[in-house]
Amino acid sequence: MSKTLALKASAEAPRDLVASRPPPDLKLAMATQDLSEGQRPPAVDRSPSGGRGGSIGMVLLVALVLVGAAVGLLLVGRGSTGPYILALLAFLAMAGVFSLFALATGILRVAGADTGHPMLKAVVDEAADGLLVTDHRGRVIYANAAYLDLIDAANSDDVRPVERVFIGDPDVSEAVYRLLKAAREGRKAQEEVRVAGLKGKAVNWLRLRVRPLGDARGNSKLTLWTVADVTRDRERQENIFQELQHAIDYLDHAPAGFFSVDGNGDIGYLNATLATWLDHDLAQVGSGGLKLADIVSGNGASLLTTLAAAPGEVKTEVMDIDFKTRGGRTLPVRLFHKVAFGADGAPGASRTLVLNRARGETTDPQRTAEVRFMRFFQSTPMAIATVDKAGKISRTNALFARMFPGALGDGRSILAAVSERDRAPLESAIREAAAGQSEVAPVDAGLSGGGERYGRFYVSPVEEEERDSEAAIVYVLETTGQRSLENQVNQRARMESVGQLAGGIAHDFNNVLSAIMMATDFLLNAHKPTDPSFQDIMQIKQNANRAASLVRQLLAFSRRQTLRPQVLDLGERLEDLRIMLSRLIGEKVVLEVKHGRDLWLVKADISQFEQVIVNLAVNARDAMPNGGKLNVRTANIDAAEAVRMNHKGMPAADYVLVEVADNGTGIPPDIIDKIFDPFFSTKDVGKGTGLGLSTVYGIVKQTGGFIYPDPELGRGAIFRIFLPRHVPDAAEEASDILEPLPAPPTVPAARAPQVPPPQPAADLTGQGTILLVEDEEGLRALNARGLISRGYSVLEAGNGVEAMEIFEQHDGRVDLVVSDVVMPEMDGPTLLKELRKRNPALKIIFVSGYAEEAFAKNLPENDDRKQFSFLAKPFTLKQLVGAVKETMSE
């Protein structure tokens, strides 16, 4: 407790207390406190401020002056003493008033007896630590007996400040300089110094403290120094340190290993024996450079980091695992692993004893067998645990601890490793094994924890006498990857099968449509527009064209449509679509198109790409009946970023991303796997065909790209399309694809633009012999009729075999072959091979309801594609005769 004392030099001061005579207003702050901590408790001394004693000479002088004044007044005479008496009284009154004012303001003080508190003064004087008070100039104001004894002062004149006492020792002088600097800055400071030859001793350790004495605002003119001899404390510390070093040395060179690991897997201590076994550097330990996984082989680290216990419990586990050396060799060990858990249940640093089980392995067959079994048990790629009848875990291997850390908590139940919906089958399997049933069916279950994880549990019984504590052995194989692969394969197979079905239906339907469209063309040629039945025939043709559009969407989904890929800049194409999309989505939906910089080129069919964007925009519009926002964004995605996106099935490569996002109703999770199926629709009857997204899926896949939905129910959906980057070759760079578009023709200002005259109808008539090969008799007859009407001679064949016979009968005098692709006995590609053997220059047109790419792989190798043409079904009479005319004229 701090106390303000008024100290002055007087005869009452003890002989060992030396002080210079302080000024009258000196107040020296001392403390009856724990000096070793340097704290400053509040003052409790209520004694008045100290000052020096009164002077008798001054009193006598004042008395003589007053007596002299009285005598002088008597000598003057009564008649004239009045003014002098008044003047003297006025002077004394003024002196009294100014004295009272000076006393009130503190300029003058009333001297009293010794104002120092006797008890506090004795405490300071007899303090065990040396105390020294100096002023701002470094002059000694006070020093107690302990200080005098420490500096070995001969008498009161030998008192020196701290800096002068140790002026000859450079190490101590440096410390004192730092203390002086702190005192000048108004700070507390402390130093411990080693002094040689003090008080006749070889070595002394002193603790020097300094603190300013002043008010709370830091106004200080005095400095308090505390000097304590801590030699014995340092000696005790050194003894303890030496004992600790000896203990560490004993532990380091013990015949067993020892280490400590925290809950994060950081090794805080490793003794030298274990470091030698594992060939590790001790300098890495404790600095975060060595982890538990660096010294434990396989999944063994999970056994140490997944221990659980009640708060405050101390748990010890004995386990046999494999350590690994820095070179990768395994070392079988037995661990005595002790962990104390805190009040919050968190594990503290372990105390782990390590026994090297490799020693004596060759001489002890039992140990050899045990080590081999434990190595097999801990290193097997199958998670293993023994459980009782209730499923409580008794023992586990390392892989089980890594896979199911949650199951090793307080309950230690294997049921905690399984999702709640699949726990009943596992419970039943454990009960069957506990009853002694030898064959228990495996259980496929979802695993608990984050993400979609699955596992297969195999349960087998144990020996009958052990069934009380361990009723069954559970083996677990994680099947997450297998199930994911199976789902992908099943999904792909389902899509392929649906695609094949859709393609087959489209092919057969195309034959029917071709016949209908050809017949309507004949009827339209035979009727005038004024005929009553002309409009009915036109209605039939329009509905046939509508059906043909649906068939093309089916072919797009089955990836069997014919594409005409070109090198595109998607940014430019989307800008061309902006106006059409704005009209398509309506005024309630705001369209925002944002392009990435320097988009890479892609190779795709322009019309099909536009169809993809239109279909996605229409779906987004329908998902926002009350309006919303449609965002279309493009960007370049390099191979590294594609890997980070981690989309299933998409290899690492460069892509151009097209992202179509809306803030509509979103897609429910239960139908996300069906949205690309043909004829699947969530719209009302009559408001959709169910082919929009399936068409998008087929076009993107046939282009070589990938599409991934990212829906969030109630917040909209995002469709991301990744098209492969196309790097043009020299020929493409020189082509007009990459050349700037020609400028639009200018119209002269002097006159209005003229309407061009109508172009005459193209002449589609011709001459020549055409071999028509078609397995559909009705369609073949209509096609033959149309060709004959244009002046051609037509030879008809129902399949490839008949075509070869007719070709041989006419000695190869055939100008053109128009053949179907899919036919019985001999298909189109096989017919092409046979005909080219006889006439390599023969011109051929293939017609099919499938895409050209669907049969291109069956064409002859190194075949010149320019020597045959392709016409997709369904087609009109005009399209057929036009293709024949063009091919014949080449």
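The values are calculated or read from the model by the stated rules, or taken from the named source; none is laboratory data. Because the structure is a prediction, the values reported are computed rather than measured. Cβ atoms come from the backbone with ideal geometry, glycine included; neighbour counts cover every protein chain shown. The area values use the complete protein model at the heavy-atom level, side chains included, leaving out ligands, DNA and RNA. Shrake-Rupley method; radii C 1.70, N 1.55, O 1.52, S 1.80 Å.
Overview of results
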| item | result |
| --- | --- |
| ARG78 being in contact with a Ser or Thr (Cβ under 9 Å, 6 or more places away or on another chain), at pLDDT below 75 and either open to solvent by 100 Å² or more (accessible area, probe 1.4 Å) or aliphatic (A, V, I, L, M) (or both) | no |
| Some residue of the range 646-654 being modelled with pLDDT of 90 or more, within 18 Å of VAL696 (Cα to Cα) and not hydrophobic (A, V, I, L, M, F, W, C) | no |
| Top-ranked residue of the range 449-477 - restricted to ones that are at pLDDT 85 or above and hydroxyl-bearing (Ser, Thr, Tyr), ranked as surrounded by the fewest Cβ atoms within 10 Å (Cβ to Cβ) | SER460 |
| Qualifying positions in the range 303-351 - open to solvent by less than 20 Å² (accessible area, probe 1.4 Å), in contact (Cβ under 8 Å) with a residue 60 or more places away in the chain and not hydrophobic (A, V, I, L, M, F, W, C) | SER350 |
| Residue that is surrounded by the most Cβ atoms within 10 Å (Cβ to Cβ), among those in the range 842-871 that are at pLDDT 80 or above and of a type in the set (A, V, I, L, M) | VAL847 |
| Residue ID - most open to solvent (accessible area, probe 1.4 Å), chosen from residues in the range 607-650 that are in a loop (DSSP other than H, G, I, E, B) and touching a strand residue (DSSP E or B) at 6+ places or on another chain (Cβ under 9 Å) | LYS648 |
| Selection status of LYS315, at pLDDT 80 or above, under 21 Å from ALA358 (Cβ atoms) and of a type in the set (D, E, K, R) | no |
| Qualifying residue in the range 696-712 (condition: open to solvent by less than 80 Å² (accessible area, probe 1.4 Å), at pLDDT 85 or above and of a type in the set (Gly, Ala, Ser)) | yes |
| Subset of the range 321-337 that is basic (Lys, Arg) and assigned to a strand (DSSP E or B) - its residue that is farthest from LEU304 (Cα to Cα) | LYS324 |
| Of all residues in the range 377-396 being touching a helix residue (DSSP H, G or I) at 6+ places or on another chain (Cβ under 6 Å), touching a residue at least 60 places away in the same chain (Cβ under 8 Å) and not hydrophobic (A, V, I, L, M, F, W, C), the one that is nearest to SER302 (Cα to Cα) | GLN378 |
| Within the range 417-447, considering residues that are under 39 Å from the mean Cα position of the chain (by Cα), open to solvent by 40 Å² or more (accessible area, probe 1.4 Å) and not acidic (Asp, Glu), the one nearest to GLU486 (Cα to Cα) | PRO442 |
| Identity of the residue in the range 379-392, outside any loop (DSSP other than H, G, I, E, B) and buried (at least 23 other Cβ atoms within 10 Å of the Cβ), that ends up nearest to the chain's Cα centre (by Cα) | ALA383 |
| Qualifying residues in the range 291-302 (those that are open to solvent by 50 Å² or more (accessible area, probe 1.4 Å) and either in contact with a Gly (Cβ under 8 Å, 6 or more places away or on another chain) or modelled with pLDDT of 85 or more (or both)) - the one farthest from ALA358 (Cα to Cα) | LYS291 |
| ASN799 being surrounded by 16 or more Cβ atoms within 10 Å (Cβ to Cβ), modelled with pLDDT of 85 or more and polar (S, T, N, Q) | yes |
| Residue in the range 428-445 that is under 21 Å from THR306 (Cβ atoms) and at pLDDT 85 or above present | yes |
| Tally, over the range 595-611, of residues that are touching a residue at least 40 places away in the same chain (Cβ under 8 Å) and closer than 17 Å to TYR655 by Cα | 9 |
| Criterion: of a type in the set (A, V, I, L, M), at pLDDT below 70 and either surrounded by fewer than 18 Cβ atoms within 10 Å (Cβ to Cβ) or at positive phi (or both) - qualifying residue of VAL727, VAL747 | VAL747 |
| Residue match in the range 342-365 (condition: at pLDDT 80 or above and among the acidic types (Asp, Glu)) | yes |
| Filter result for the condition that a residue is of a type in the set (A, V, I, L, M, F, W, C), in contact with a Phe, Trp or Tyr (Cβ under 6 Å, 6 or more places away or on another chain), open to solvent by less than 80 Å² (accessible area, probe 1.4 Å) and at pLDDT 75 or above, over LEU132, LEU120, LEU88 | LEU132 |
| Search result, residues across the range 576-606 that are closer than 19 Å to VAL656 by Cβ, over 36 Å from the mean Cα position of the chain (by Cα) and open to solvent by 30 Å² or more (accessible area, probe 1.4 Å) | ASP576, ARG578, ILE606 |
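Let's see how each residue does on (1) touching a helix residue (DSSP H, G or I) at 6+ places or on another chain (Cβ under 6 Å); (2) part of a helix (DSSP H, G or I); (3) surrounded by fewer than 17 Cβ atoms within 10 Å (Cβ to Cβ):
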residue: ASP811; (1), (2), (3): no, no, yes
residue: PRO824; (1), (2), (3): no, no, yes
residue: PRO829; (1), (2), (3): yes, yes, no
residue: LEU832; (1), (2), (3): no, yes, no
residue: PRO840; (1), (2), (3): no, no, yes
